[in-house]
Amino acid sequence: MKRVAILGSTGSIGTQALEVISQHPDEFSVEVLTAHNNADLLIKQAIQFQPNTVIISNKEKYSYVQQALDSHMIKVFAGDQALAQVVEMDTIDIVLGALVGYSGLLPIINALKHGKPVALANKEVLVVAGQLVNKLSHEHNAAILPVDSEHSAIFQCMAGEFEYGNSIEKIYLTASGGPFRGFTKEQLQTVTKQQALKHPNWDMGAKVTIDSASLMNKGLEMIEAKWLFGVDSSNIEVVVHPQSIVHSAVQFTDGSIKAQMGLPDMKLPIQYALTYPRRIQSHFPRFSFWDYPQLTFEKPQPDNFRNLYLAFEAIAKSGNMPCIMNAANEVAVQAFLHDKISFFAMSNLIEKTMEHISFIQTPSLDEYVLTHNESIAYAQSLL
């Protein structure tokens with residue numbers, strides 16, 4: 001029985017993880033659930049899964065959650081410090097990082113410091129501080145298991161290869177193209193958040209859906225892939241694949257390519273990360289080639305989706321530049337969702353922030369935190 005802490009249990013990844021866990025009661029138990037604001041769903045989840053502890057990050061909702069769970073003998077804590085500390089519990093076997101954006105950084109770092117394996121869906125943790133996170137993972141023998149569908153695909157393709165000294169030549173990172181695939185620059189000038197939130201293939205939270213529409217999500221995933229798999233960004237190629245069946249592919253030094261395929265369903269990579277290295281039976285829908293007689297592949301449009309190329313620029317410079325880019329993007333996405341800037345203006349805001357904030361080649365954790373805060377403040381000043 002594996003005891004799971006889910007950081008961000010009320011979001012898209014968190015709720016799907018609980019679906020996986022509910023289908024395998026002999027494999028998993030829930031030890032910790034956390035949420036930022038969604039107290040009602042957190043309470044409902046806690047009553048169903050009976051964790052040891054729940055955390056509500058918004059301290060104003062502590063009393064509401066505590067009173068609702070008092071009779072269930074579930075410990076309730078509140079605030080970001082409690083969120084960062086809860087991962088230290090001896091009764092946790094694996095931490096699922098499903099928080100949104102920068103908020104996942106400190107809890108995941110703390111989990112690694114305490115030797116906890118991390119199933120990582122929160123890609124921004126590696127985007128912001130990949131070098132530091134990898135160092136902690138190695139120092140404390142704490143595995144990082146990818147949950148993103150693309151990185152899970154790469155991870156599965158690599159299974160058994162390194163034992164025989166087989167090295168990666170190139171990673172093909174697939175992208176659906178989002179809701180604006182094929183749009184002209186003129187069309188993109190007037191797109192709305194309602195259009196951007198209608199992803200053709202995946203059911204995700206608002207932040208990642210907007211990132212997918214701008215291809216920033218693929219830029220973040222490229223940086224994540226670099227740190228997860230030790231591949232230089234020049235050897236990672238983004239390929240638009242509208243059907244989202246080939247989740248990514250790996251080319252080895254002999255020229256052979258392995259791809260991982262399946263229907264676009266996040267529950268499969270979640271389950272694989274939680275059960276690794278085992279595979280267990282699932283009841284997910286199965287793929288049929290006859291339902292997808294054509295699988296197509298395209299190059300991204302650099303002039304129309306500048307965010308992807310800003311990500312390549314950020315990781316080429318490295319240091320704290322990806323942290324700057326990520327912080328500016330978080331501001332840009334929220335501004336777009338609140339109708340403060342246009343879709344195209346998001347790239348301008350990110351680029352200006354990257355040009356303005358001081359560059360640090362080898363940041364400490366405190367310098368990453370300072371960089372994030374300064375970048376947020378500057379990006380907000382541009383609105």
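Could you check how many residues of the range 140-189 are over 20 Å from Val239 (Cα atoms), of a type in the set (Ser, Thr, Tyr) and in contact (Cβ under 8 Å) with a residue 12 or more places away in the chain?
So the count comes out to 1.
Do we have any residue at all in the range 369-381 that's within 24 Å of Pro302 (Cα to Cα), in contact (Cβ under 8 Å) with a residue 12 or more places away in the chain and either surrounded by 19 or more Cβ atoms within 10 Å (Cβ to Cβ) or not assigned by TED's automatic domain parsing to the domain that holds Ile223 (or both)? Full working, then the answer.
Initial filter on the range 369-381 (within 24 Å of Pro302 (Cα to Cα)): 379.
Now narrow it down to the ones that are in contact (Cβ under 8 Å) with a residue 12 or more places away in the chain: 379.
Subsequent filtering for residues that are either surrounded by 19 or more Cβ atoms within 10 Å (Cβ to Cβ) or not assigned by TED's automatic domain parsing to the domain that holds Ile223 (or both) retains 379.
Looking for residues that are within 24 Å of Pro302 (Cα to Cα), in contact (Cβ under 8 Å) with a residue 12 or more places away in the chain and either surrounded by 19 or more Cβ atoms within 10 Å (Cβ to Cβ) or not assigned by TED's automatic domain parsing to the domain that holds Ile223 (or both), one finds at least one in the range 369-381, hence yes.
For the range 257-300, which positions are farther than 19 Å from Gln243 by Cβ and of a type in the set (Val, Ile, Thr)? Before the answer, list the steps.
To start, the set of residues in the range 257-300 that are farther than 19 Å from Gln243 by Cβ comprises 270-283.
Ile270, Thr275, Ile280, listed by residue number.
Would you confirm, using the coordinates I've provided, whether Gly219 is in contact with a helix residue (DSSP H, G or I) (Cβ under 6 Å, 6 or more places away or on another chain) and at pLDDT below 90?
On the way: in contact with a helix residue (DSSP H, G or I) (Cβ under 6 Å, 6 or more places away or on another chain): yes; at pLDDT below 90: no.
Criteria not met by Gly219.
So Lys135 ticks every box in (1) touching a residue at least 60 places away in the same chain (Cβ under 8 Å); (2) of a type in the set (D, E, K, R); (3) more than 16 Å from Ala311 (Cα to Cα) but one. Which box is left unticked?
Failing condition for Lys135: (1).
When you go through Val231, Val238, Val246 one by one, which is the residue that is surrounded by 17 or more Cβ atoms within 10 Å (Cβ to Cβ), aliphatic (A, V, I, L, M) and out of contact with any Leu (no Cβ under 9 Å at 6 or more places or on another chain)?
Val231
Does the range 77-91 hold any residues that are assigned to a loop (DSSP other than H, G, I, E, B), β-branched (Val, Ile, Thr) and either within 17 Å of Ser103 (Cα to Cα) or not assigned by TED's automatic domain parsing to the domain that holds Pro117 (or both), and which are they? Before the answer, list the steps.
We begin by selecting, within the range 77-91, every residue assigned to a loop (DSSP other than H, G, I, E, B); these are 79, 87-91.
Subsequent filtering for residues that are β-branched (Val, Ile, Thr) retains 87, 91.
Passing the criteria: only Val87.
Given the criterion within 27 Å of Ser149 (Cα to Cα), at pLDDT 95 or above and among the polar types (S, T, N, Q), identify the matching residue among Gln85, Gln23, Gln50. Walk me through how you get there before you give the answer.
Working: Gln85 fails: within 27 Å of Ser149 (Cα to Cα); Gln50 fails: within 27 Å of Ser149 (Cα to Cα).
Only one candidate passes the filter, namely Gln23.
Residues to consider are Ala17, Ala35, Ala46, Ala5; find the one that is over 28 Å from Val128 (Cβ atoms) and buried (at least 18 other Cβ atoms within 10 Å of the Cβ). If you could, list the steps in order and put the result at the bottom.
Details: Ala17 fails: over 28 Å from Val128 (Cβ atoms); Ala35 fails: over 28 Å from Val128 (Cβ atoms); Ala5 fails: over 28 Å from Val128 (Cβ atoms).
That would be Ala46, the only listed residue that is over 28 Å from Val128 (Cβ atoms) and buried (at least 18 other Cβ atoms within 10 Å of the Cβ).
Being surrounded by 12 or more Cβ atoms within 10 Å (Cβ to Cβ) and touching a Lys or Arg at 6+ places or on another chain (Cβ under 7 Å) is the filter here, so list the residues in the range 286-325 that pass it.
Within the range 286-325, Asn304, Leu308, Ile315 meet the criteria.
Tell me the helices (runs of 4 or more DSSP H) entirely within the range 107-188 that contain at least 1 residues that are crowded, with 24+ Cβ neighbours inside 10 Å.
Details: elements: 124-139, 149-158, 185-188.
So the answer is 124-139, 149-158.
Among the residues of the range 321-346, how many are more than 20 Å from the chain's Cα centre (by Cα) and either among the polar types (S, T, N, Q) or assigned by TED's automatic domain parsing to the domain that holds Leu105 (or both)?
1
Could you please tell me which pairs satisfy a Cβ distance under 7 Å, a separation of 6+ or placement on different chains, a first residue in the range 55-67 that is assigned by TED's automatic domain parsing to the domain that holds Gly14 and farther than 11 Å from Thr34 by Cα, and a second residue that is at pLDDT 95 or above and assigned to a helix (DSSP H, G or I)?
Going by the 7 Å Cβ cut-off, the qualifying pairs are Lys61/Ala39; Tyr64/Ala39; Val65/Ala39; Val65/Leu42; Val65/Ile43.
Within the range 295-305, does at least one residue satisfy the condition of being under 29 Å from Ile6 (Cβ atoms) and in contact with a Leu (Cβ under 8 Å, 6 or more places away or on another chain)? Talk me through it step by step, then tell me what you get.
Initially, the range 295-305 is screened for residues under 29 Å from Ile6 (Cβ atoms), giving none.
Within the range 295-305 (the criterion being under 29 Å from Ile6 (Cβ atoms) and in contact with a Leu (Cβ under 8 Å, 6 or more places away or on another chain)), the answer is no, since none of the residues qualifies.
Where residues in the range 90-116 are touching an Asp or Glu at 6+ places or on another chain (Cβ under 7 Å) and not aromatic (Phe, Trp, Tyr), which of them is nearest to Val331 (Cα to Cα)? Quick ask: steps written out before the conclusion?
As a first pass, look at the range 90-116 and keep what is touching an Asp or Glu at 6+ places or on another chain (Cβ under 7 Å): 91-92, 101-102, 104, 110, 114.
This time we only want the ones that are not aromatic (Phe, Trp, Tyr), so: 91-92, 101, 104, 110, 114.
On the way: Thr91: 36, Ile92: 33, Gly101: 11, Gly104: 16, Asn110: 25, His114: 31 Å.
Per the criteria, the residue is Gly101.
Here's a check for you: in the range 255-278, which residue that is small (Gly, Ala, Ser) and in a loop (DSSP other than H, G, I, E, B) is surrounded by the most Cβ atoms within 10 Å (Cβ to Cβ)? Don't jump to the end; show me each part of the working.
Within the range 255-278, the first condition is being small (Gly, Ala, Ser), and the residues that meet it are 255-256, 259, 262, 273.
This time we only want the ones that are in a loop (DSSP other than H, G, I, E, B), so: 255-256, 262.
Details: Gly255: 7, Ser256: 10, Gly262: 19.
Here the residue is Gly262.
The values are calculated or read from the model by the stated rules, or taken from the named source; none is laboratory data. Note that the structure is predicted; figures quoted are calculated from it, not measured. No Cβ is skipped: glycine too gets one built from the backbone with ideal geometry, and neighbour counts run over all protein chains shown.
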